[in-house]
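Novice: Can you keep this structure in mind? I'll have questions shortly.
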Amino acid sequence: MNVKVLVSDEKDSRKRLSVTKDFKKGEVIYKEEPVVVALDIDLQGKGTHCTHCLRVVDQDTAVKPENDRLKSVYCSKDCEAKSKAQSDNLLFGLEPVLPAELDSGLGRLTQGERDKAQTKFVSHLESQGKLAPLLVARFVARQVAIETGKMNPHKPTSSPADLHALVDGEDDYGLYDHMERLRFIEANPTEEDTKVLCDVLATALPGLDKSLEGQHSKYLGKMNYNAFGVVFENGRDDKPKTSERPEDQERTRTPYGTSRQVGSGFYAVSSYIGHSCSPSATPSFPSGTSEIAIVAARDLKEGDELTISYVDCNVNEGETSEEATRRRRYELARGWRFKCECSRCASEVTPGDNEGHLGVEADESKVDDVAVHERGEQPQPAEASWIPVGPALD
Ligand SMILES: [Zn+2]
Ligand SMILES: [Zn+2]
């Protein structure tokens, strides 16, 4: 993919990406498909965008499944099939999650409870208007799809190939292993936030809710910290205004501003890209889908660090350059809990400036212990308690 992971700080094991060859300004460094995506909640019911790839759908050829709890619309049969297999059936459908040989009629017994739990989950998502809870749900479901795919060698499910390429050639590198290495800020979900999702998981597959036990806050925090805003060209300007306090608003990594996105995407490799207010690269979505392209923002030499700006770093109309600096540093502090120390900030912020409004002192993001101590030690794969114990399939 033309990039490699660097551990730049031994103390906190901060991972960064650097390029493995030279690039001219404007060249695409790599492209990456998301692990999971979520369409903005206000667009979800409108049928304007594909729920799976986020592409603008052609109304004549749109696929509109009946009785879909999320009111999903797809650009093609292919997107519908992928979405169903990766997460949609588990979270928003009623077909058995396990292959028929393992399900043995169990799936039919729980349909009523499953239906109720899913309906509750959807209305909870709609009332909150946030995407991180849906990204977490899809993430758990996708891991199940990968695991059940392994149980049934005749019907392999695709796992994100990019993961393997990047991480030390580990063979059995799963999504949870990847998740463990990412930075986050605790998200503090309410009991209700956790319960509605656990009910959906437990009614689909008894025991699956255990994979979330004690982890929900962290998983939400990882989605909040690492998800990108999917923005086509310069983005939309019709997102409904929010009345939430700035500290409660959901923010995604995008130099265009989260209000311009059509949805959020969680990317395995791109999660490692650090922030700079004068970045070396720009995220873009040239195919009109959630496939991200990382484009060189200037000429790059082999070994240069890849950075993007997580927030809008421009000086916009009606803003002085001081106001713009203040705004972007405030957004970084709100969304990612750090005081930016990039070279541009160093030149624009004087040490005497009162920055109490930022509400952060240094970098408050965290990383799991396993990721700090992983050097020389293989992380244990997360235990999947819901995997049924039985005769091996062949
Ligand atoms: Zn699509
Ligand atoms: Zn900065």
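The values are calculated or read from the model by the stated rules, or taken from the named source; none is laboratory data. Computed from a predicted structure; not experimentally measured. Note that each Cβ is placed from the backbone with ideal geometry, even for glycine, and that neighbours are counted across all protein chains shown. Areas reflect the complete protein model, heavy atoms only, side chains present, ligands, DNA and RNA absent. Shrake-Rupley method; radii C 1.70, N 1.55, O 1.52, S 1.80 Å.
Novice: Can you tell me which residues in segment 111-133 are more than 12 Å from Leu197 (Cβ to Cβ), touching a residue at least 40 places away in the same chain (Cβ under 8 Å) and under 21 Å from the mean Cα position of the chain (by Cα)?
Specialist: Answer for segment 111-133, where residues must be more than 12 Å from Leu197 (Cβ to Cβ), touching a residue at least 40 places away in the same chain (Cβ under 8 Å) and under 21 Å from the mean Cα position of the chain (by Cα): Glu126, Gly129, Lys130, Leu131.
Novice: List pairs: first in segment 196-211 and within 17 Å of Gly105 (Cα to Cα), second in a loop (DSSP other than H, G, I, E, B) and of a type in the set (A, V, I, L, M), Cβ under 6 Å, 6+ apart or cross-chain?
Specialist: Note: pairs meeting the criteria are Ala204/Val97; Leu205/Val97.
Novice: Return yes when Val35 is open to solvent by less than 40 Å² (accessible area, probe 1.4 Å) and over 25 Å from Asp209 (Cβ atoms) and no when it is not. Walk me through how you get there before you give the answer.
Specialist: Numbers: open to solvent by less than 40 Å² (accessible area, probe 1.4 Å): yes; over 25 Å from Asp209 (Cβ atoms): no.
No.
Novice: Any idea which of Ser83, Ser87, Ser72 is under 18 Å from Leu208 (Cβ atoms), surrounded by 21 or more Cβ atoms within 10 Å (Cβ to Cβ), away from ligand 2 (no atom under 16 Å from the Cβ) and of a type in the set (Gly, Ala, Ser)?
Specialist: Ser87
Novice: If I ask for residues that are open to solvent by 20 Å² or more (accessible area, probe 1.4 Å) and either more than 21 Å from Arg251 (Cα to Cα) or within 9 Å of ligand 2 (Cβ to nearest atom) (or both), which ones from segment 293-318 would you list?
Specialist: Val295, Ala297, Arg298, Asp299, Lys301, Glu302, Gly303, Asp304, Glu305, Glu317, Gly318
Novice: Pairs only if they're at least six apart or on different chains, beta carbon under 6 angstrom, first in segment 344-355 and of a type outside the set (Ser, Thr, Tyr), second more than 8 Å from ligand 2 (Cβ to nearest atom); list them, first residue then second.
Specialist: Between residues of segment 344-355 that are of a type outside the set (Ser, Thr, Tyr) and residues that are more than 8 Å from ligand 2 (Cβ to nearest atom), the close pairs are Glu348/Thr325.
Novice: Right, here's the next one. Here is a list: Ala137, Ala187, Ala145. Which entry is small (Gly, Ala, Ser), more than 23 Å from Thr252 (Cα to Cα) and either at pLDDT 85 or above or in contact with a Cys (Cβ under 7 Å, 6 or more places away or on another chain) (or both)?
Specialist: Ala145
Novice: Mind telling me which of the residues Gly352, Gly359 ends up being modelled with pLDDT under 90 and at positive phi?
Specialist: Gly359
Novice: Tell me whether segment 179-191 contains one or more residues that are touching a Ser or Thr at 6+ places or on another chain (Cβ under 8 Å), on the phi > 0 side of the Ramachandran plot and touching a residue at least 40 places away in the same chain (Cβ under 8 Å).
Specialist: Among the residues of segment 179-191, not one is touching a Ser or Thr at 6+ places or on another chain (Cβ under 8 Å), on the phi > 0 side of the Ramachandran plot and touching a residue at least 40 places away in the same chain (Cβ under 8 Å), which makes the answer no.
Novice: Right, something else. Of all residues in segment 328-357 being open to solvent by less than 50 Å² (accessible area, probe 1.4 Å) and in a helix (DSSP H, G or I), which is farthest from Gly257 (Cα to Cα)?
Specialist: Cys345
Novice: How many of the residues in segment 51-62 are open to solvent by less than 50 Å² (accessible area, probe 1.4 Å) and either within 16 Å of ligand 2 (Cβ to nearest atom) or at pLDDT 95 or above (or both)?
Specialist: Final tally of qualifying residues: 5.
Novice: Looking at (1) in contact with a Pro (Cβ under 7 Å, 6 or more places away or on another chain); (2) open to solvent by less than 40 Å² (accessible area, probe 1.4 Å); (3) over 24 Å from Ile41 (Cα atoms), which is the only condition Glu147 fails?
Specialist: (1)
Novice: Taking segment 99-120, which residues are surrounded by 13 or more Cβ atoms within 10 Å (Cβ to Cβ), assigned to a helix (DSSP H, G or I) and in contact with a Pro (Cβ under 9 Å, 6 or more places away or on another chain)?
Specialist: If the condition is that a residue be surrounded by 13 or more Cβ atoms within 10 Å (Cβ to Cβ), assigned to a helix (DSSP H, G or I) and in contact with a Pro (Cβ under 9 Å, 6 or more places away or on another chain), then Leu102, Asp103, Leu106, Gly107 are the ones that fit.
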